[in-house]
Amino acid sequence: MPASFKTEAVVLRSIRFGEADRVLHLYSADRGRIGAVAKGVRRIRSRMGGRLEPLARVRLVLHQGRGDLCTVTSVDTVHAHAALREHRASLEHAAAACEAVLRLFDSAEPNRAAYNLLCHQLALLDSEPGGAGRAQSLAFRSKLALAAGFAPELASCAACGEADHLTGFSPVAGGVVCASCEAGSFALDAETHKFMVKALAHPLSEAPQAPDRALAQADRALGETLEHHAHVRLRRVG
Amino acid sequence: MFAPPVNRLITELARFPGIGQRTAQRLAFHLLRASDEEALALADAIREVKETVGHCEICFNLATDPTCRICQDERRDGDVLCVVEEPSDVIPIERTNEFRGRYHVLGGALSPIDGVDPEDLHIVELLGRVSSNGVREVVVATNATTTGEATALYLADAMRERAPAVTVTRLASGLPVGSDLEYADEITLGKAFRGRREL
């Protein structure tokens, strides 16, 4: 790896470090997860501090030293997502999106689909900060699970392949199950099933709506699938 | 390399933020060269601060008594509360001489990703103070970071629900005095524009 390199990334998390530094968890387009130190950015006169806040999409020059963490040497903003920071709901949904990427993608292996999805979600929340909702966040999480290779099986019974009478969801089997394979599953309404299929099929900007009960079931189904198969526990989408 | 007590001192000093091994070594040798009174005064000061300083039971600022000096000061305006994240944030605000109200220290900022939820901060106590003590205005002075903003928005919503008559304000954001415009980041400059004032 060269000593210095350029990349584009979203700042997922920022942790105070030392006197005035921050450790950043970045998700980059071409290098996956990157850990970096941004020196002096907590000082009020820092030229970089405001650009390296979580949720920002930035273009960086990083220096790879001998340690695990790179050092940020320069940063330009691609999209600051300033509007979404003004509304509590959009800020919470954006933070949940970053948390999901942080937990699901922890290697240096790039995943362009996941990166584009995150950028798209943040841009959507920024363009319509008042429209942030649970259904849209769940649609994002479904697509992210697909990009990570953990999307639940929705077309047929995950245990026996039966295409009809899909009445339950089994996180262990990794998808919907039919009436005869219901052991260890929880009931899944037809409306929830429909929502989960549509959430994957439609673009994020056209995420389907569903009643609260269906959204709660979809949230549980996705959460428990990821917990069982990816060993990642995500907070429920509020 | 050194005698065990010196090594121990270096190890302890190196735990301080911003102090590396080399600096810890220099400080340790400074203490060894210093007079007994000077070195032991430092040890006494550390012991005293750990034994006597706690948190004010009203505002959670640092205090040597059950309540801090600001809460005890009757000349302070009890109608206005300034909410900060940490006790260290009180000092720069006091230095401005612009604020004569009282404080409330939250003990951090909301950060679900780090497992910091509302119940981990002194938010319930703040809402209790606001609804029972005739507070007129709450100035939210949390840091201008993503977690600080999230905390401010959460407090504003909670206050609207619990004490709708109370005005909730946020510190203005803008350019630091003495800085050049060309180095400003987009969020700061955008906020400075939105918050511009007539001359």
Residue B:140 long-range amide H proximity, modeled H, under 5 Å: B:83, B:169, B:170, B:171
Estimated translational D of the protein assembly as shown in µm²/s (Stokes, Kirkwood radius over Cα pairs; 25 °C; 0.890 mPa s): 98 µm²/s
Reduced Cα scattering model of chain A, Debye log10 I(q)/I(0), q = 0.15 Å⁻¹: -0.97
Spherically averaged projected area of the stretch A:94-174 from its Cα convex hull (nm²): 6.6 nm²
Relative compactness, chain B, computed as alpha-carbon Rg over 2.2 N^0.38 Å: 1.30
Projected area, mean over directions - the stretch A:149-238, Cα convex hull, nm²: 5.7 nm²
Cleavage-rule hits, trypsin sites (Lys or Arg not before Pro), the stretch A:39-137, DSSP coil, Cβ neighbours within 10 Å at most 15: A:43, A:45, A:66
Point-to-point label distance, residue A:15-residue B:35, nm (Cα→Cβ direction, 7 Å offset): 4.5 nm
Helix-derived mean residue ellipticity, 222 nm - over the protein assembly as shown, DSSP H n ≥ 4, -39500 (n - 2.57), to 500: -11500 deg cm²/dmol
Loop sites in the stretch B:1-68: chymotrypsin sites (Phe, Trp or Tyr not before Pro), DSSP, at most 14 other Cβ within 10 Å: B:2
Residues with amide H under 5 Å from that of residue B:63, placed H, sequence gap 5 or more: B:54, B:55, B:56
The stretch B:4-52: C-alpha pair distances exceeding 16 Å, %: 45 percent
Relative contact order (%) - criterion: Cα under 8 Å, at least six apart; region: chain A: 15 percent
Antiparallel %, DSSP beta bridges [both residues in chain B], to 5: 20 percent
Label-point separation in nm, residue A:233 to residue A:183, each point 7 Å along Cα→Cβ: 2.7 nm
Too-long pairs where the Cα-Cα distance tops 20 Å, listed order kept, from A:6/B:191; A:143/A:194; A:143/A:198: A:6/B:191
Most mobile listed residue (B:135, B:84, B:105) in chain B, GNM with C-alpha springs under 10 Å: B:135
Cα-centre dipole for the protein assembly as shown with unit charges at Cβ (Lys and Arg positive, Asp and Glu negative), debye to 20: 1080 debye
Karplus-derived 3J(HN,Hα), 6.51/-1.76/1.60, for each residue of the stretch B:116-129, Hz, glycine and proline x: 9, 10, x, 6, 7, 10, 7, 7, 4, 5, 5, 4, x, 5
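Read the figures in this text as sums done on the coordinates, not as results from a lab. Worth saying up front: this structure is predicted, and the values here are computed from it rather than measured. We place every Cβ from the backbone using ideal geometry, glycine too, and count neighbours over all the protein chains shown.
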